[in-house]
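The values are calculated or read from the model by the stated rules, or taken from the named source; none is laboratory data. Since this is a predicted model, take the numbers as computed values, not measurements. Cβ coordinates were reconstructed from backbone atoms using ideal geometry, including for glycine residues, and neighbour counts include every protein chain displayed.
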Amino acid sequence: MREYTRPLVLIIDDFAMREHTTTQSDDLYDLVSDRAIAGKPLILTSNRAPKDWYPLFPNPVVAESLLDRLINTSHQVLMDGPSYRPRKRPGRSTN
């Protein structure tokens, strides 16, 4: 876990794509807490709204504490629009 605390900025892409195990949840809690104490930014990207993250954690107490820190100490940038992936599909005409 220490290696993820070291970078000045840490980016986690596709956060909350699947359910977390108890160990993953605890590690994530420690990571978020350690980075907050050190004053180091954490950037998360997710295809889910923050309200949909709670059921992905097995322990509701850890989920509440972790997500409270993430959600209430963050700047949220919400992006809405069509997916760019269909345009990048192999074999698609570029006309």
Residue in segment 72-95 that is of a type in the set (F, W, Y) and either assigned to a loop (DSSP other than H, G, I, E, B) or exposed (fewer than 12 other Cβ atoms within 10 Å of the Cβ) (or both) present: yes
Condition broken by Q24, with the remaining ones in (1) more than 26 Å from E3 (Cα to Cα); (2) free of Cβ contacts under 8 Å to residues at least 12 places away in the same chain satisfied: (1)
Odd one out for E64 among (1) of a type in the set (D, E, K, R); (2) touching a helix residue (DSSP H, G or I) at 6+ places or on another chain (Cβ under 8 Å); (3) exposed (fewer than 11 other Cβ atoms within 10 Å of the Cβ): (3)
Inter-residue pairs, beta-carbon under 8 Å, first under 30 Å from R48 (Cβ atoms) and in segment 81-95, second in a helix (DSSP H, G or I) and modelled with pLDDT of 75 or more, 6+ apart: R92/P86
Candidate set: segment 1-20, residues that are in a loop (DSSP other than H, G, I, E, B) and surrounded by 15 or more Cβ atoms within 10 Å (Cβ to Cβ); chosen: the one farthest from the chain's Cα centre (by Cα): H20
Residues (among the polar types (S, T, N, Q) and either in contact with a strand residue (DSSP E or B) (Cβ under 8 Å, 6 or more places away or on another chain) or modelled with pLDDT of 90 or more (or both)) located in segment 55-73: N59, S65
